[in-house]
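*Asks:* Let me begin by handing over the structure; questions about it come next.
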Amino acid sequence: MGFAVQARGTSAGEVRSREVLAQAAGQDPVVLYLIVACEIAFWVVLALGLLARYPLRKPRLGGALLLGVPVVDVVLVVACAVDLRTGGTPGMTHSLAAAYLGVSLAFGPHLVRRADAWFAHRFAGGPRPARPPRRGRARQRHEWAMWLRCLAALAVSSALTLVMFLIGGPSTVELWNFEIQLAAVTALWLVGGPLRLTLFPPKTPVGADDHTEEER
């Protein structure tokens, strides 16, 4: 992709992100700030856990800290539940929270495993983590697996949105606006990713490995 096209796409995405965040902040800034805090906490807890497990050689402490990674999601769920129970009206910030939880549950474990494998290789002499496959059936399986994670994220987010809609009633129908956008992203990923590679697989060069290449 050319730099000009990439810049235009990034600019449009940034504008849309700012619009969504501005609308969310105008409705319930506390929940929005909590989402940001949970995202930061996720990476901080993950980094501390891996640093304790490998460079500091304290696997028990590292394991205990890594158990705090899913606790971050629990904190957000409880906070949103309390907000709704105390009179908060379901809105854009709650939609963002539902999407965050969906993505975290679907992609979080995979990300933690990848990070753990990298730290094990870097600090504990573990095997070099394999790169995602670049071609062949292995690439297709990988793309389908990642897209299914995206679909799982959408399913979790939609289920949480449905619960909030049932709590808030017809006046909170705008909750589904964000879910429609997530569904569109999921559909585009399907068409441009696993489906395209399955129906129109690129030709594999003679003698090339279908799985991974050594990292340089």
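The values are calculated or read from the model by the stated rules, or taken from the named source; none is laboratory data. As the structure is a prediction and not an experimental result, all values here were calculated from the model. Virtual Cβ from ideal backbone geometry, glycine too; neighbours counted across all protein chains shown. To get the accessible areas, we keep the full protein, side chains included, count just its heavy atoms, and leave off ligands, DNA and RNA. Shrake-Rupley method; radii C 1.70, N 1.55, O 1.52, S 1.80 Å.
*Asks:* Search segment 123-148 for residues being in contact with a helix residue (DSSP H, G or I) (Cβ under 7 Å, 6 or more places away or on another chain) and open to solvent by 60 Å² or more (accessible area, probe 1.4 Å), and hand back the single one that is modelled with the lowest pLDDT.
*Replies:* Going through the qualifying residues, I end up with 132.
*Asks:* Looking at residue 57, is it over 24 Å from residue 154 (Cβ atoms) and not hydrophobic (A, V, I, L, M, F, W, C)?
*Replies:* On the way: over 24 Å from residue 154 (Cβ atoms): yes; not hydrophobic (A, V, I, L, M, F, W, C): yes.
Considered against the rule, which asks whether it is over 24 Å from residue 154 (Cβ atoms) and not hydrophobic (A, V, I, L, M, F, W, C), residue 57 comes out as yes.
*Asks:* Right, something else. Inside segment 74-113, can you point out the residues that are crowded, with 17+ Cβ neighbours inside 10 Å, of a type outside the set (A, V, I, L, M, F, W, C) and assigned to a helix (DSSP H, G or I)?
*Replies:* Result: 83, 93, 94, 95, 100, 102, 104, 108.
*Asks:* Give me the pairs: first residue in segment 158-180 and under 13 Å from residue 92 (Cα atoms) and in contact (Cβ under 8 Å) with a residue 60 or more places away in the chain, second residue in a helix (DSSP H, G or I) and among the acidic types (Asp, Glu), beta-carbon distance under 8 Å, and six or more apart or on different chains, which are they?
*Replies:* Listed pairs, sorted by first residue: 161/179.
*Asks:* Another one. Which condition from (1) farther than 15 Å from residue 94 by Cα; (2) out of contact with any Lys or Arg (no Cβ under 9 Å at 6 or more places or on another chain) is the one that residue 203 breaks?
*Replies:* (2)
*Asks:* Mind listing whichever residues of segment 169-213 are at pLDDT below 85, more than 20 Å from residue 141 (Cβ to Cβ), out of contact with any helix residue (DSSP H, G or I) (no Cβ under 9 Å at 6 or more places or on another chain) and open to solvent by 60 Å² or more (accessible area, probe 1.4 Å)?
*Replies:* Within segment 169-213, 170, 171, 206, 207 meet the criteria.
*Asks:* For segment 42-63, state whether one or more residues are open to solvent by 70 Å² or more (accessible area, probe 1.4 Å) and closer than 30 Å to residue 162 by Cα.
*Replies:* Here is the first cut: in segment 42-63, the residues open to solvent by 70 Å² or more (accessible area, probe 1.4 Å) are 43-44, 48, 51, 53, 56-61.
Checking the rest, the ones that are also closer than 30 Å to residue 162 by Cα come to 43.
Yes, segment 42-63 has at least one match.
*Asks:* Inspect segment 76-85 for any residue being modelled with pLDDT of 90 or more and out of contact with any Ser or Thr (no Cβ under 8 Å at 6 or more places or on another chain) and give the result as yes or no. Spell out the reasoning first.
*Replies:* At the first step, the residues of segment 76-85 found to be modelled with pLDDT of 90 or more are 76.
Now restrict to residues that are out of contact with any Ser or Thr (no Cβ under 8 Å at 6 or more places or on another chain): 76.
Checked segment 76-85: at least one residue is modelled with pLDDT of 90 or more and out of contact with any Ser or Thr (no Cβ under 8 Å at 6 or more places or on another chain).
*Asks:* Any residue at all in segment 121-143 that's touching a residue at least 40 places away in the same chain (Cβ under 8 Å) and under 17 Å from the mean Cα position of the chain (by Cα)?
*Replies:* yes
*Asks:* For residue 161, indicate whether it is among the polar types (S, T, N, Q) and either closer than 21 Å to residue 78 by Cα or buried (at least 18 other Cβ atoms within 10 Å of the Cβ) (or both).
*Replies:* yes
*Asks:* Of the residues 143, 174, only one is closer than 26 Å to residue 43 by Cβ and of a type in the set (Asp, Glu); which?
*Replies:* After applying the criteria, what remains is 143.
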